[in-house]
Amino acid sequence: MSLRIGISKMKVFLVKAESYTYDDYDSVVLVAESKERALEMAKESTWKTHEKEKRFYFGERQYPLTATE
């Protein structure tokens, strides 16, 4: 799936962690310009929106992360 926002064509990616335990996030859905950017975003732990701050965290022990469109 792709979305056109402004000039950039955005894509929807499912980013998954290779390993996780019961209280870890195992995946996240992100909208990004590229697979590489989606992986960069997944490694960042905090995003701020107009409503409130959103947090999730993939620890290094969960790497490598994979992204599929």
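The values are calculated or read from the model by the stated rules, or taken from the named source; none is laboratory data. From a predicted model like this one, the values you see are computed outputs, not experimental measurements. Quick note on the areas: whole protein, heavy atoms, side chains included, nothing else; ligands and nucleic acids left out. Shrake-Rupley method; radii C 1.70, N 1.55, O 1.52, S 1.80 Å.
Can you give me the number of residues within the range 19-49 that are open to solvent by 100 Å² or more (accessible area, probe 1.4 Å), farther than 14 Å from TYR63 by Cα and modelled with pLDDT under 85?
Residues meeting the conditions: 3.
Is it the case that some residue within the range 8-18 is aromatic (Phe, Trp, Tyr) and either over 14 Å from the mean Cα position of the chain (by Cα) or modelled with pLDDT under 80 (or both)? Lay out the reasoning, then the answer.
As a first pass, look at the range 8-18 and keep what is aromatic (Phe, Trp, Tyr): 13.
Right, trim to either over 14 Å from the mean Cα position of the chain (by Cα) or modelled with pLDDT under 80 (or both) and you get none.
No, every residue in the range 8-18 fails to be aromatic (Phe, Trp, Tyr) and either over 14 Å from the mean Cα position of the chain (by Cα) or modelled with pLDDT under 80 (or both).
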